[in-house]
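FYI, it's all coordinate maths here, none of it is from the lab. Quick caveat: nothing in here was measured; it's all calculated off a predicted structure. So basically every Cβ, Gly included, is an ideal-geometry build from the backbone, and we count neighbours across all protein chains shown.
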Amino acid sequence: MQEFFMILLGTALVNNVVLVKFLGLCPFMGVSRRVDAAIGMGLATTFVLTLASMASWVVETAILVPLGLGFLRILSFILVIAAIVQFTETVMRKLAPGLYRALGIYLPLITTNCAVLGVALLNIQEAHDFAQSLLYGFGSALGFTTVLVLFAGMRERLAQLSVPAPFSGPPIAFISAGLLSMAFMGFAGLTPN
Amino acid sequence: MTALASAPHTHSLFTVSRTMVAVMVCLSPATAQGLYQFGWPAVILFALTLAAAWLFEIFCLLLAGRPVAPFAGDGSALLTGWLVAMTLPPWAPWWIGVLGAGIAIVIGKHVFGGLGQNLFNPAMVARAMLLVALPVPMTQWVAPSDPAHAPGLRAALDITFGAGAPVDAVSSASVLGHLKSQFDAGLPMERILAGTASLQDQLFGITAGSLGETSAFLLLAGGLCLMLLRIISVVTPLFLLGTLFGLAALARLLAPESFPPPLLHLTSGATMLCAFFIATDYVTAPVTAAGRALYGAGIGALIFVIRSWGAFPEGAAFAVLLMNACTPLIDTYIRPRIFGRTRTGKPLPLRDRT
Amino acid sequence: MGALLSALLSSIRGGVHPETRKFLSAESPIEPMPIPALLRLPLQQHIGAPAEPLVARDDHVLKGQLIARARGPISANLHAPTSGRVIAVGPFPAPHPSGLPVPTITLRPDGADRWAPRLPRLRPEDAEPEEIAARVAEAGIVGMGGATFPAAVKLTLRDRYRLHTLIINAAECEPYLTCDDRLLRERAEEVADGAGIMARALGVTKIIVAIESNKPAAAAAMRRHNLGLGHPVQVRVVATQYPMGSEKHLVRAVTGRETPARALTAELGIVVHNSATAQAVHLAVRYGEPLLSRVVTVSGRGVARPANVQALLGTPVADLLAHCGGLTEDPDRLLLGGPMMGQPIRSPRVPVVKGTNGVLALTRAETRKAETMPCIRCGACVRACPCGLTPFELNARIQAGDLEGAAAVGLLDCVSCGCCSYICPSNIPLVQGFSFAKGKLAETESRKHQQEETRRLAAARTAREEAIAEAKRAAMARHKAQMAEKKRRAAEEAAQAAEEAPAEPQEAAK
Amino acid sequence: MITAAASMSALGLGLGLLLGAAARKFHVKTPPVVDEMERILPGTNCGQCGYPGCRGAAEAIAEGGAPVTLCPPGGRDVALKLAEIVGVDCSGGPEISGMTDIEPQVAFIFEDHCTGCTKCFKRCPTDAIVGAAKQIHTVIWDACTGCDACVQVCPTEAIVLRSKPRTLQSWYWDKPDQPLAALRTGAA
């Protein structure tokens, strides 16, 4: 049990997928304008990422390895992820239309979110079994959501400030993200890997 | 008859510069003890950092085309420079001080738009950036020397501006650094504790450590008098020290051989300075009492986590930055209850006879 | 000791403790004032619709004569404060920071001060509640604490709500003002009697007079005269804390019950009236005297001799200041009401109205005006706000232009008491920002409402146009049909005529 | 190579079927956008946007031909609401913040020039002008939208557009400028 907790903590905080591994930066910058949109995006990505880690592991062990099609790994993973995102989109459009409009273009863009594909590939690279890859996917998604919501809170406050002209808008957002990433370096060395 | 202004037409005596001056006065005992103990190099470094902070402030104000007089005089730049200096190693070279002040004032404060607008505590931004970028010069601790054979003024100038501290002078690590290195080397906790300074020395700062962080007792005294002046609220320091002490005591109970006694956490490193002077910084802390409690507890817990398992011996800087990132969210969701409304904002039900 | 004592008394959340500076005028008794040369009486001295003037230029009026009638349910009558000649009924700058002209009756007193026939005296002990309410409305009495809500309307609340308590608000938490204090000390029995009359009109048995702990003499005077129309008047000393005088906060402090947002205190069964209103009701019901004058505190370091003056309504501020020895220096602020919520005025020529409880001339030392610095999020305003709002966040959103965001965070629950601006270490004019935001939101709201109205008008017009066009087309069609009919009939006749016609010529030819 | 192609197409086919089922199960009908937009526009068909009435403007925006800031009487609020529907994210954009809310303009008739020719109240889209033949006309300010249709048609140019006078009730303090806070960044 202790080992599972280490994986979860490790991927969520220590090797945070956005601030340490620098994956999934475009939705991180794109959807963090409002906190409620950020929470929606975080939940959608968590749903997709967890499902994608499991599905990619299944595809890997069930199809690619027995048939020796390792070179098709990225293609098949992208196919699976795209299907899951499309499924999420249809579900969200029915159940949460407000959130659907708030996320706008960024919902289908989860397919191209490098964090999702990155985590799936990392699962394979570190030869996780099914449970580990599920936890790894869920942990990194949790890290992504936490950082995204934190950053959305910061950007909402930045919008209220009167930042000097050369820094107003995206530049100050990038500087804040940089400082946030530096703060996350405090977690360095918390877990072995 | 001056131009018309809206109500109210009178004001209290509580002003910005008054609060900054009060904080600096309460910081001075601990600083004085640190400067006395680490001799002339520390004094020069301290003065340099303050001056650099003030000059950077004026430079940024001129660059932004804003009136200099009211800001330079309000002492906020001096206070930031002071806090940066307090966290530096006493005999660090001069450019560390200037660089720290520059980062704090320019990146920490003026990029966000000046006083009251920064998201992160400027002093902690500087300390974290220096710690990450220059690990070696930032961890050169100096044993406290009695003034009899401390370096003279000329020698001090050489240390700060010249070749840097002579090698033999840099010996014992700070309490936490000693703890971290020995523990990683696998020594049992009891032997490590025997090697560190006695509790009494740690309390009064007769140990190696940063320029102003050594004397926990004087910092505590300064913090309490700030509370009496009602400049800072009791909530943040109470929850910070409480959570840190609680977690440390719990860990000590569960695994005595791998955790130091809880009191050591309070008296060592930047805990006291962080609890009373950094975590209570108005601009980057939440506003409501409940928000400040959560903020203080968060910092205390993170300090404990980083010190126990993290790579850095001193976790205060990162803990503060992480909780600064949470402040906007805390302020959005933890709000005072509006008069005549329930906590969720709907009008009170009429049958409610409370 | 006082502070300790007041801490034990019921206090409210937040609030500030400004220097009261009531010592300037607390010891000078209420003094009458000679009739000024001109009286200017705005038609709108109350909340609600402005009154309708009944007099015209060159009319001669007597003291107490009705010169403007209330218009609509929420309005108030206006009476001539003294006998004289009406020299103008037209626009005159209002006693308001905007200085906008409002319709005003200007009266030149003739010095005779002859009374018109007064309203018949009423024995309140056996008068019907409706009778009392009618008399109060007839006398044109409004809330004298500054809110100026027509008092009669409040007295008719009895049929809609189950009322059980009447609170007389003598808290007077604004610094400098001592008019309620003096009123209680000198005319406690009138206030008690007025309270009793109002209690009878409201049908309540419990009467509480709330007085701040910094006015012990007033509390003692009120305890001596504690019988209002037979009902025992309970004197309740509350903590000296601004804004204790705010209606909802006083109810919270005295009875512990919190009025739900957007609701009246009457829904809790409690009605609050100012002590001066009670005294005015006493005069109106017992002696048939309408509201003609009121006690005004003239104070501030800028005034030579601070005093409490029984001034006629419509007295120009300049005359009032002259009566109190004039100004010692050019004041930094000249305002009506208290320093916390008072309104600055552009010139001393504007008149005193029913809601003016103070005229202050404040010097620079008292206003402590200083440069506005940026907000450092110190949270002092959040602690000071009695309504539990976050003023610094409201200000940040308003400055960034996000007024809807400010409204979502509680801007509309702000009562503009001034505590946040008073305590702000950066001297930020928070209340002015909130007034701007509320005004702008109201303006946008009314513009949106007007857009809907104009859309309805546009739709109605196009519908009418089509109806007219339709009718015209129908008329044309009918007309064409008739013409066709006529032509066809003419053609038939012509055809018949043609058949008969060949027969006739033959006869003629024979 | 065949196995690769076969497995991929099988995978693709399977997922496709899954999505088809999900799409049918979660189908949702979206309201016609044009009607929604028309309801937001003021509806006075004043033509200041250059399109034939508000319906025309709504259709133009729907096709994407027209910017959301095309309606001056609507001001910023209408522009922001339209932007939300169209999904254009320009809350901070220059043209939205540049659209300062113009003071509401209303028509004003100079009585000494008015000859009572009734041309104007026939043209007024909201019947805001009151008058009869040979009688002096006047404008009801609450009903007037400032579309200046009457100004163009008046033979004696007796009508001029003027901002609405402020009353004591509608007066409010102006926004306190905070000079020392920081340089304004051009935001509204």
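Shown in residue order for the range C:194-202 are the 3J(HN,Hα) couplings computed by the Karplus curve 6.51 cos²θ - 1.76 cosθ + 1.60 at θ = phi - 60°: x, 4, x, 4, 5, 4, 5, 5, 8 Hz (x for Gly and Pro). Each Cα pair under 8 Å and six or more residues apart adds its separation to the average, and for the range C:157-247 the resulting relative contact order is 37 percent. Note on C:R123/B:A249: beta-carbon distance plugged into 1/(1 + (r/R0)^6) with R0 of 51 Å gives a FRET efficiency of 0.05.
When Rg and the Kirkwood Rh are both derived from Cα coordinates, the Rg/Rh ratio for the range B:60-133 amounts to 0.98. With one equal scatterer per alpha carbon and no solvent term, the Debye-computed log10 I(q)/I(0) for the range A:20-185 at 0.16, 0.20 1/Å reads -0.91, -1.24.
Going toward the positive end of the dipole of the range C:1-131, with +1 on Lys and Arg Cβ and -1 on Asp and Glu Cβ, which of C:A51, C:A88, C:G64 do you reach last? Projecting each Cα onto the dipole axis, the largest value belongs to C:A88.
Protection proxy ranking, highest mean first, for peptides B:109-118, C:324-333: B:109-118, C:324-333, where packing is the per-residue count of other beta-carbon atoms within 10 Å, averaged. In summary, the aspartates and glutamates within cross-link reach of B:K109, defined as a Cα separation below 19 angstrom excluding same-chain residues under 8 places away, comprise A:E156, B:E57, B:D74, B:D281.
For peptide D:143-150, compute the average count of partner chain beta-carbon atoms within 10 Å of each residue's beta-carbon.
On the way: counts 6, 3, 7, 0, 2, 0, 0, 0.
Across the residues of D:143-150, the mean count of other-chain Cβ atoms within 10 Å is 2.
Averaging over all projection directions, the Cα-based convex hull of the range D:105-163 occupies 3.2 nm² in the image plane. Remark: the range C:154-165, residue by residue, has Karplus-estimated 3J(HN,Hα) of 5, 6, 8, 6, 4, 7, 9, 10, 7, 9, 9, 9 Hz, where x stands for each Gly or Pro and the curve is 6.51 cos²θ - 1.76 cosθ + 1.60 at θ = phi - 60°. For a test of the definition: using alpha carbon positions, the gyration tensor, and the 1.5 limit on a/c, classify chain B as rounded, prolate or oblate. Taking the square roots of the gyration eigenvalues as a ≥ b ≥ c, chain B is oblate.
Relative contact order for the range C:370-473: 28 percent, from Cα pairs under 8 Å spaced at least 6 residues apart, divided by residue count. In whole angstrom, note down how far apart the Cα centers of the range A:1-37 and the range C:29-87 are. A separation of 72 Å, based on Cα centres. If only the Cβ of Lys and Arg carry +1 and only the Cβ of Asp and Glu carry -1, the dipole of the range D:105-163 around its Cα centre is close to 180 debye. Between D:D35 and D:H113, the FRET efficiency from the beta-carbon distance, with R0 = 60 Å, is close to 0.90.
Order of B:M227, A:M185, D:M1 from fewest to most other C-beta atoms within 10 Å?
Working: B:M227 16, A:M185 19, D:M1 5.
Fewest-to-most ranking of B:M227, A:M185, D:M1: D:M1, B:M227, A:M185.
Cβ-Cβ distance of C:R160 and C:T328, R₀ of 60 Å, FRET efficiency by 1/(1 + (r/R0)^6): the value works out to about 0.75.
Please work out the C-alpha center-to-center distance from the range A:145-173 to the range C:178-244 and express it in whole Å. Using only Cα atoms to place each centre, the spacing works out to 55 Å.
Highest mean first, how do C:306-312, D:11-17 rank when packing is the count of other Cβ atoms within 10 Å averaged over residues?
Numbers: C:306-312: 23.7, D:11-17: 13.3.
Ranked from most to least packed, the peptides come out as C:306-312, D:11-17.
Within 10 Å of each Cβ in C:379-388, how many Cβ atoms from other chains are there, averaged over the peptide?
Working: counts 10, 6, 1, 7, 5, 1, 3, 1, 5, 8.
For peptide C:379-388, the averaged partner shielding equals 5.
Note on C:K486: lysines with a C-alpha under 29 Å away, same-chain residues under 8 apart excluded, are C:K472. Partner aspartates and glutamates whose Cα lies under 14 Å from the Cα of D:K119, excluding those fewer than 8 positions away in the same chain, are identified as D:D127, D:D148, D:E157. For the pair the range C:311-353 and the range C:264-307, the centres of their Cα atoms are 18 angstrom apart.
Listed as lacking a disulfide-compatible partner in chain C: C:C173, C:C179, C:C324, C:C375, C:C378, C:C385, C:C387, C:C414, C:C417, C:C419, C:C424, by the criterion of no other cysteine Cβ under 4.7 Å. Axis angle, to the nearest 10 degrees, between helix C:430-509 and the longest C-alpha principal axis of chain C: 10 degrees.
If each DSSP helix of 4+ residues adds -39,500 (n - 2.57) and the sum is divided by the residues in chain A, what number results at 222 nm, nearest 500 deg cm²/dmol? Walk me through the numbers on the way to the answer.
Values: 8 runs with 127 residues, N = 193.
Estimated from H runs of four or more residues: -22000 deg cm²/dmol.
Averaging the sequence gap over all C-alpha pairs within less than 8 Å and six or more residues apart, then dividing by the number of residues, gives the range C:4-158 a relative contact order of 21 percent. Note on A:168-175: average number of Cβ atoms from other chains within 10 Å of each residue's Cβ is 2. For the range B:243-324, evaluate the Debye formula with one uniform point scatterer on each Cα (no solvent term) and list log10 I(q)/I(0) at q = 0.27 Å⁻¹, rounded to two decimals. The Cα Debye sum returns log10 ratios of -1.36.
When the Cα positions of A:G178, A:T61, A:L23 are compared along the charge dipole of the range A:20-185, A:G178 comes out farthest toward the positive end, with charges on each C-beta of Lys, Arg, Asp and Glu. Mark the label point 7 Å from the Cα of B:L228 along Cα→Cβ and return the residues of the range B:258-275 whose backbone N is within less than 16 Å of it. No residues fall inside that zone.
So, with +1 on the Cβ of K and R and -1 on the Cβ of D and E, and no other charges, what is the size of the charge dipole of the protein assembly as shown about its Cα centre, to the nearest 20 debye?
On the way: 106 positive and 92 negative charges, 423 e Å.
Charge dipole of the protein assembly as shown: 2020 debye, to the nearest 20.
Once both labels are positioned 7 Å from their Cα atoms along Cα-to-Cβ, the gap between C:A490 and D:I140 label points is 4.7 nm. About the centre of its Cα atoms, the range C:1-119 shows a dipole size close to 200 debye [charges on the beta carbon of Lys, Arg (+1) and Asp, Glu (-1) only; nearest 20 debye]. Could you list A:V91, A:V48, C:V136 so that the one with the fewest beta carbons within 10 Å of its beta carbon is first and the one with the most is last? In increasing order of surrounding Cβ atoms, one gets A:V91, A:V48, C:V136. Only counting other Cβ atoms within 10 Å, I'd like A:E3, C:E172, C:E212 sorted with the fewest neighbours first. Ordered from fewest to most neighbouring Cβ atoms within 10 Å, A:E3, C:E172, C:E212 come out as A:E3, C:E212, C:E172. Computed over the Cα atoms of the protein assembly as shown, the ratio of the radius of gyration to the Kirkwood radius (Rg/Rh) comes to 1.07.
What shape does chain C have by the C-alpha gyration tensor, where a ≥ b ≥ c are the square roots of the eigenvalues, rounded means a/c under 1.5, and otherwise prolate means a/b greater than b/c and oblate the rest? Provide the component values of the computation, followed by the final result.
On the way: a/c = 2.41, a/b = 1.95, b/c = 1.23.
Prolate, since a/c reaches 1.5 and a/b exceeds b/c.
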